[in-house]
Each structure stands twice: as C-alpha cells, then as structure tokens.
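The next block holds one structure in the form of structure tokens; read it before the comments.
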Amino acid sequence: MSAVYFVGGMLCAGLAGLLLVFGLYLVFSERLYQKYVKNIENTEHKVQSRPALVLLCLAFGVGFVFCSNELMGKSNASAKQYMLQTQATVVSSTEKEYVDLTIKKLDIKTLTKNLPIYDESHDKSSIGLPRTRWKIKGADTMSMLEYIGDPNDGAQISAKCMTFDSKGGYEPWIKGHPCYAIAVGLMSNVVAANGEAFAVKMLALSGLDRVQKKEPFPLVQGKDTKISIGFNHLGFFDITNSAKNH
C-alpha cells in the first residue's frame, strides 16, 4: 500500500510542477497566452482573461501540491508501520538471543530420543566426517534428519522437512504436522525450559508456521556453549556446535 501512495504522490507532484510552471510562464509569455486563447476561443468552456487563466493554473498546481503531500505522508506512515510490524517479529542481527540448554555437546543418542524417524543410513560428509541420516515419518521422501560428526561429540544435527498440499504447495508447520513434530521433538531434547514453546516461537519467527516466502533466519545461542539453534523459512533447522568443523 505504501508503494501505491508513493506513486500517487509522485504523479501529483509532477502535475503540480507542470501546472505551476505553465502558470508562471503565462505571466511572462504574451505569445503563448495569445496562442492558447486563440485555440480555446471556440470551445464551450472559455477563459476570457489572462489573469483568470494564470490563477486557474496556479490554483490547480497548489491543489496538486497538497494532494502530493497527503499521499506521500500516507506512504511514509504505511512504510513506518510495516517496519515496526517487521521489527516486532525479527530476531535482531546485532543482538544475540540466548537460551538455556540441557546439553554441552551434541551426542546422537540424546538428540534423537523419541523422534519420529526411521530408515537409518550411514556415510561420510563432504569433509570426511561420519554422517548419519534418517527419514522423517509422515513427511515427503526428500525430507531427512542428518547428524554429522562423532556420535558422542558431533558438529551438527539438521533437518530438512516438507509436505505438500493437494495443489503442490508447501504446508505450514503446525501442530499435527510431521515437520512440526520433528522440530518440537528435537527442541524438547535440548532446551531446558518448554521445548515445544521454544519451537513454536522459532517457527513463528522464521515463517514456517504460515509458509512465508521472505522471512529472517532466527538464530539463538545456547548459554555458556558454542551451540546455536537456527531455523530457515525454506524448510530447514539445525543445532550446530561452532567449535567443530562440519
């Protein structure tokens, strides 16, 4: 909406400028005035005097100036409101947010406890670290949970999860959804307080709970650890130990 107001304001400003310039030009240009009067003298609506024509142009010009100011003011107000709404849901990139964790390192047994996963497989990561993968129950076949590093002291556990509606669009991560279940289950295994409440907060900040296409990537740091938790609106989340290569 702010863009509409801005364009309208710019158009009004342009018309105001043209009318004001034309009015002032009439004051100094007898030839233009005579030509204009001659062109309109046979029309239904005549302007009989030079002062009237000048005043008419100036009046319309001033009117368009007020129109421009009003629309630009609405544009600024709309933009400011949008920024305030956005700031209310974005985790600041300059100020870290911290959360109490129940872990000091990543170990595969603790992290995957009671998670809705199956079909475990093993291979190596791109830098040669041990990697374990699982499929996620109820999710699309492209979805997976992945653990990288030493099983007792790993570098990262991450999930890529998605399901699709009847039209092929992404479904939001809400209660009862398999991606919601894997996110809540993993957060409950590492967050000291209410793991589900923390997961719901991160889903809202990332836009995963409403399938937003443009959202920030909220990142929360574990207190007194190198472990961080991040969510991505494209269908990813991870728990990473930045002290480890992965």
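Which of (1) modelled with pLDDT under 95; (2) of a type in the set (Gly, Ala, Ser); (3) in contact with a His (Cβ under 8 Å, 6 or more places away or on another chain) is the odd one out, the single condition residue 168 does not satisfy?
The single condition residue 168 does not satisfy is (3).
Out of the residues in the range 219-237 that are closer than 18 Å to residue 189 by Cα and of a type in the set (A, V, I, L, M), which is nearest to the chain's Cα centre (by Cα)? Please lay out each step first, then the result.
First pass over the range 219-237, keeping only residues closer than 18 Å to residue 189 by Cα: 219-231, 236-237.
Adding the requirement that they be of a type in the set (A, V, I, L, M) leaves 219-220, 227, 229.
Details: 219: 15, 220: 18, 227: 25, 229: 19 Å.
Among those residues, the one meeting the criterion is 219.
Sort out which residues of the range 206-246 are more than 30 Å from residue 129 (Cα to Cα) and either among the polar types (S, T, N, Q) or touching a helix residue (DSSP H, G or I) at 6+ places or on another chain (Cβ under 6 Å) (or both), and write them in order of number.
If the condition is that a residue be more than 30 Å from residue 129 (Cα to Cα) and either among the polar types (S, T, N, Q) or touching a helix residue (DSSP H, G or I) at 6+ places or on another chain (Cβ under 6 Å) (or both), then 209, 212, 215 are the ones that fit.
Kindly indicate whether residue 220 is part of a strand (DSSP E or B) and out of contact with any Ser or Thr (no Cβ under 6 Å at 6 or more places or on another chain). Steps first, please.
On the way: part of a strand (DSSP E or B): yes; out of contact with any Ser or Thr (no Cβ under 6 Å at 6 or more places or on another chain): yes.
Considered against the rule, which asks whether it is part of a strand (DSSP E or B) and out of contact with any Ser or Thr (no Cβ under 6 Å at 6 or more places or on another chain), residue 220 comes out as yes.
Could you list, in sequence order, the residues of the range 192-224 that are closer than 24 Å to residue 127 by Cβ and free of Cβ contacts under 8 Å to residues at least 60 places away in the same chain?
Within the range 192-224, just 217 meets the criteria.
Among the numbered criteria (1) in contact with a Ser or Thr (Cβ under 7 Å, 6 or more places away or on another chain); (2) touching a residue at least 60 places away in the same chain (Cβ under 8 Å), which one does residue 245 miss?
(1)
Looking at the structure I just gave you, is residue 208 assigned to a loop (DSSP other than H, G, I, E, B) and surrounded by 18 or more Cβ atoms within 10 Å (Cβ to Cβ)? Write out each step before concluding.
Working: assigned to a loop (DSSP other than H, G, I, E, B): yes; surrounded by 18 or more Cβ atoms within 10 Å (Cβ to Cβ): yes.
For residue 208, the condition - assigned to a loop (DSSP other than H, G, I, E, B) and surrounded by 18 or more Cβ atoms within 10 Å (Cβ to Cβ) - is met.
Among the residues of the range 225-242, write down those that are over 17 Å from residue 175 (Cβ atoms), without any contact (Cβ under 8 Å) to a residue 60 or more places away in the chain and either surrounded by fewer than 17 Cβ atoms within 10 Å (Cβ to Cβ) or out of contact with any Asp or Glu (no Cβ under 7 Å at 6 or more places or on another chain) (or both).
Answer for the range 225-242, where residues must be over 17 Å from residue 175 (Cβ atoms), without any contact (Cβ under 8 Å) to a residue 60 or more places away in the chain and either surrounded by fewer than 17 Cβ atoms within 10 Å (Cβ to Cβ) or out of contact with any Asp or Glu (no Cβ under 7 Å at 6 or more places or on another chain) (or both): 226, 228, 232, 234, 242.
Identify, by number, the condition in (1) surrounded by fewer than 18 Cβ atoms within 10 Å (Cβ to Cβ); (2) in a loop (DSSP other than H, G, I, E, B) that residue 140 doesn't meet.
Answer for residue 140: the failing condition is (1).
Can you name the residue in the range 164-205 that is β-branched (Val, Ile, Thr) and assigned to a helix (DSSP H, G or I) and is also surrounded by the most Cβ atoms within 10 Å (Cβ to Cβ) among such residues?
The initial filter retains those residues of the range 164-205 that are β-branched (Val, Ile, Thr), namely 174, 182, 184, 190-191, 200.
Subsequent filtering for residues that are assigned to a helix (DSSP H, G or I) retains 182, 184, 190, 200.
On the way: 182: 25, 184: 20, 190: 20, 200: 19.
Top of the filtered list is 182.
Within the range 121-131, identify whether any single residue is touching a Cys at 6+ places or on another chain (Cβ under 7 Å) and closer than 27 Å to residue 226 by Cα, and answer yes or no. First the steps, then the outcome.
Our first condition is that a residue be touching a Cys at 6+ places or on another chain (Cβ under 7 Å); within the range 121-131, this holds for none.
Taking every residue of the range 121-131 in turn, none turns out to be touching a Cys at 6+ places or on another chain (Cβ under 7 Å) and closer than 27 Å to residue 226 by Cα.
Taking the range 144-165 on its own, how many of its residues are within 24 Å of the chain's Cα centre (by Cα) and modelled with pLDDT of 95 or more?
4
The values are calculated or read from the model by the stated rules, or taken from the named source; none is laboratory data. Please read these numbers as outputs of a predicted model, since none were measured by experiment. Backbone-built Cβ (ideal geometry, glycine too); neighbour counts: all protein chains shown.
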